[in-house]
Amino acid sequence: MAATDPVENLGTLIRCPSVTPAEGGALSVLEAMLSPLGFAVERLTASEAGTPDIENLYARLGQTGPHLMFAGHTDVVPVGDIAAWTHAPFAADIAGGMMYGRGAVDMKGGIACFAAAIARHIEKHGAPQGSISFLITGDEEGPAINGTVKLLEWAAAKGERWDACLVGEPTNPDQLGDMIKIGRRGSISGFVTVHGVQGHVAYPHLADNPLRAAAVIAQALMHPPLDAGTENFPPTNLEVTTIDTGNTATNVIPAKVTLAFNVRFNDLWSVESLQAELIRRLDAACADGTLRPGRAPLRYDLRWSERPSQVFLTKNDALVSSLSGAIETVTGNTPKLSTTGGTSDARFIKDYCPVVEFGLVGQTMHMVDERVAVADLETLTEIYGLFLARWFENAASA
């Protein structure tokens with residue numbers, strides 16, 4: 001396939017039902033786009049006990065530097081109630097100037113546009129003076145264990161090195177040109193189990209209700225605020241997401257209670273320093289006798305999530321200015337440089353090279369009737385094309 005038309009590219013990708021962990025034909029479609037352009041395409045299936053096998057794709061055009069990576073994912077979230085869709089989620093219908101389908105904006109649209117941009121660049125100017133690679137996973141919407149992490153490790157082990165990366169996630173809140181992501185907050189989750197003594201509610205002196213401590217713990221974790229934010233990041237925020245005893249009886253004091261929480265943190269913290277602060281708060285809360293007068297501190301167990309994400313901020317003028325300049329030229333908008341939102345696979349890529357994120361408008365991602373304006377596909381392709389030209393020009397003169 002010619003690959004120069006982003007609308008055709010996206011339609012073909014949407015028609016692949018690549019719900020995590022299924023490849024669904026999406027990587028094969030991308031391979032068929034890239035191979036005629038001269039890309040050497042490799043497919044890697046990654047495995048780990050207790051997780052589904054994941055197919056991934058790595059493709060490279062060129063053998064010399066500078067080397068620009070485009071990263072993303074072809075896997076999509078489940079469609080939910082299919083009867084609620086006004087257009088079939090894997091049909092890529094176009095109606096009212098919109099293309100409908102799961103993955104339209106998150107993020108098959110970004111992949112479709114970048115493939116079109118490089119195809120047009122080659123058609124008009126030939127291959128760039130350097131290298132371009134696609135690093136595409138099928139596990140971004142899943143556990144993120146057998147995807148980008150292992151693909152990066154595999155590529156690096158065979159000698160691949162990158163000078164910069166663009167991730168095509170949907171970054172714009174309202175219209176194309178609103179926002180570039182130049183970093184991400186860190187993320188860490190914890191699970192606190194507080195142990196008490198089970199008993200009858202009519203005889204509280206014979207029991208010890210862990211929920212009394214849980215109330216104090218929840219408040220201590222969230223208050224006072226962890227910080228007031230920094231120049232590039234909003235304040236660190238902790239949310240208690242569940243408090244559960246597993247107890248269905250109203251006349252039984254539970255034996256234990258588990259609290260789960262997540263923290264999105266800024267560059268005032270590392271994972272280690274944040275964990276130390278939260279442990280300090282937990283110790284103080286369990287010793288607090290406000291709701292348990294005369295009682296010894298309750299015992300608690302703490303389990304951290306296995307894969308916390310460190311905060312990062314990209315400071316690479318050539319990369320950021322090439323992209324922001326292209327956006328401003330094509331759209332007339334000056335994009336905001338932001339670190340808001342959740343996590344993405346950029347958190348893994350940042351260990352290998354500078355990385356920024358820019359893609360489509362994300363208003364309908366993960367929703368019923370996920371859709372993208374057809375006009376935006378052409379605009380994003382123009383932005384990516386100009387970015388390619390400017391980045392290689394800037395990299396060559398650096």
**Report entry** Net +/- balance of residues flanking residue 301 in space, Cβ distance below 15 Å, scoring K and R +1, D and E -1
**Finding:** +1
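Using a simple charge model, +1 on the beta-carbon of Lys and Arg, -1 on the beta-carbon of Asp and Glu, nothing else, what dipole does the chain show about its Cα centre, in debye to the nearest 20?
Dipole size: approximately 980 debye.
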Query - Mean-position separation - Cα centroids, the range 70-87 and the range 295-311, in angstrom - result: 34 Å
Query - Base-10 log of normalised Debye intensity for the chain (one unit scatterer per alpha-carbon) at q = 0.07, 0.11 Å⁻¹ - result: -0.39, -0.83
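In percent, how large is the relative contact order of the chain, given Cα pairs closer than 8 Å and 6 or more residues apart?
Averaging sequence separation for qualifying contacts and normalising by length gives 24 percent for the chain.
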Report summary line: Here the net charge surrounding residue 222, from other residues whose Cβ is less than 10 Å away from its Cβ (Lys, Arg +1; Asp, Glu -1), is 0
Query raised in the report: What trypsin sites (Lys or Arg not before Pro) does the range 334-396 have in DSSP loop regions with at most 16 other beta carbons within 10 Å?
Result: none
Report summary line: At R0 = 51 Å the Cβ-Cβ FRET efficiency linking residue 301 and residue 378, nearest 0.05, sits at 0.40
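Highest mean first, what order results for 204-212, 253-261 on Cβ atoms within 10 Å?
Top to bottom by mean Cβ count within 10 Å: 253-261, 204-212.
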Query raised in the report: How do 241, 340, 12, 250 line up, fewest other C-beta atoms within 10 Å first?
Result: 250, 241, 340, 12
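Over the range 186-304, what is the mean sequence separation of C-alpha contacts under 8 Å (at least six apart), divided by residue count, expressed as relative contact order in percent? Before the final figure, lay out the partial values.
Numbers: 224 pairs, mean separation 47.3, N = 119.
Here the relative contact order equals 40 percent.
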Query raised in the report: Counting DSSP beta bridges with both partners in the chain, what percentage is antiparallel, nearest 5?
Result: 70 percent
Report summary line: Hits for the chain under the membrane-span-like helix rule (DSSP H, Cα axial span at least 30 Å, Kyte-Doolittle mean at least -1.0) are 374-397
**Report entry** Alpha-carbon gyration tensor eigenvalues x 5, square-rooted, for the range 186-304, Å
**Finding:** 31, 14, 11
Query - Neighbourhood net charge (9 Å Cβ-Cβ; Lys/Arg +1, Asp/Glu -1) for residue 67 - result: 0
Query raised in the report: By average Cβ neighbour count within 10 Å, what is the ranking of 56-69, 272-285 from highest down?
Result: 56-69, 272-285
Query - Where Cα atoms sit under 19 Å apart: lysine pairs in the chain separated by 8 or more or lying on different chains - result: 9
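Rule-based calculations on the coordinates, nothing more; no lab input. Quantities reported herein were computed from a predicted structural model and do not represent experimental measurements. Cβ: placed from backbone, ideal geometry, glycine included. Neighbour counts: every protein chain shown.
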